[in-house]
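One structure below.
Throughout, read-outs are computed from the coordinates displayed, never taken from laboratory work. The shown structure was predicted, so the numbers you read here are calculated from the model rather than taken from an experiment. Cβ coordinates were reconstructed from backbone atoms using ideal geometry, including for glycine residues, and neighbour counts include every protein chain displayed.
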Amino acid sequence: MIAFANHFAFEFKTGLRNPTQLLMNYLLPLGLYGVLGLVMTQVNPLYRQTMIPAMATLASLSSTILGLPSPLVESREAGIYRSYKINGVPALSILAIPMLTAIFHALIVSGIIAATAPALFKGAVPTHWGAFVSLTLLTAFTCGAIGTLIGVVATSSSGTVLWSQLIFLPSMLLGGLMMPLDVLPESVRRFSALLPPARAMQAYLGLAYNQPTVMGPLASVVVLLASGILAFGLAAYLFNWDNRNSARRGHPLMALLVLAPYVLGLFL
């Protein structure tokens, strides 16, 4: 337990000292929070109603989907995991600790946003704070598990950028972070249902804000939880200690199974 705590403290400090990690964990989400708060609330005053959950979801995306995969790949390429294996560090700890630290950073930024948005931008506060906190934890966990899975299956740092952007960019445009899903065409809305942020926003609106949704909020919670558990399970199964180790327990394309809860969620 002491070793786990020391490893966690080391990873947490790295997220503050490493310039790239600091950018992804704090500077990017807080910078976008400031810019969107100034611009979007003037262009569309209704944006204030969804600003806090949208920015909290963005913080989770930035810390986990964008910031988490590359350090995992770089550590594997540098042979750090080989030394961990020699010293008896379990694979689950190698995956869980970076994910937990990224989640912790995302929660800190989400707390800053929730505390300051009402005063700075007149952002609407949640009707049910308990649901808001629970959904923030769930969203950060799901995004963290998916980010971990990307770091496990990607073969290079450039590969992590590609896979991360395949999630991040559509989420910004079609995930309900910039505009509500009910203004999107039906065909585009069905694609949005495959994105974790879209599910998170629907859960926030239905359960934390008592607003109407285009997807079932409880079904969205189930989809997020199932995909998070499945993503971390796949990451643990597909984990490879060394890039030079050609023997794997499964093909990297198995990672696409993480889409199964979202596809099934289309029929719920």
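The alpha carbons of the stretch 75-206 give a radius of gyration and a Dmax of 17.7, 54 Å, in that order. Rounded to the nearest 10 degrees, the angle from helix 129-153 to the longest Cα principal axis of the chain is 40 degrees.
Quick one: order TRP163, TRP129 by neighbouring beta-carbon count within 10 Å, fewest to most.
On the way: TRP163 19, TRP129 11.
Arranged by neighbour count, lowest to highest, TRP163, TRP129 become TRP129, TRP163.
Can you tell which of THR20, VAL73, ALA260 lies farthest toward the positive end of the dipole of the chain, using +1 and -1 charges on the Cβ of basic and acidic side chains (Lys, Arg; Asp, Glu)? Checking the options against the dipole of the chain, the answer is VAL73. Convex hull volume of the Cα atoms of the stretch 1-142, normalised per residue: 111 Å³.
When TYR237, TYR26 are ordered from fewest to most other Cβ atoms inside 10 Å of their Cβ, what list results? Spell out each step's value before the answer.
Details: TYR237 15, TYR26 21.
Ascending number of Cβ neighbours within 10 Å: TYR237, TYR26.
Mind pulling the angle between the C-alpha long axis of helix 91-121 and the longest principal axis of the chain? Nearest 10 degrees, somewhere in 0 to 90. In the chain, helix 91-121 runs at an angle near 20 degrees to the longest axis. Candidates ASN44, LEU181, SER62 compared by Cα position along the dipole of the stretch 2-265: farthest toward the positive end lies SER62, with charges placed on Cβ. Summing charges over neighbours of VAL161, with a neighbour being any other residue whose Cβ is under 15 Å away from its Cβ, gives -2 when K and R count +1 and D and E count -1.
Sort the following peptides by mean Cβ neighbour count (other Cβ atoms within 10 Å, averaged over residues), highest first: 61-73, 217-229. Kindly include the intermediate steps, with their values, before the conclusion.
Working: 61-73: 26.8, 217-229: 20.5.
Sorting 61-73, 217-229 by mean packing, highest first, produces 61-73, 217-229.
For the chain, the equivalent ellipsoid built from the Cα gyration tensor has semi-axes of 32, 21, 15 Å, listed from largest to smallest. Against the main long axis of the alpha-carbon atoms of the chain, helix 157-174 sits at an angle near 10°.
Sort LEU120, LEU166, LEU181 so the one with the fewest other Cβ atoms within 10 Å of its own Cβ comes first. Intermediate values should be presented prior to the final figure.
On the way: LEU120 15, LEU166 12, LEU181 19.
Ordered by Cβ neighbours within 10 Å, fewest first: LEU166, LEU120, LEU181.
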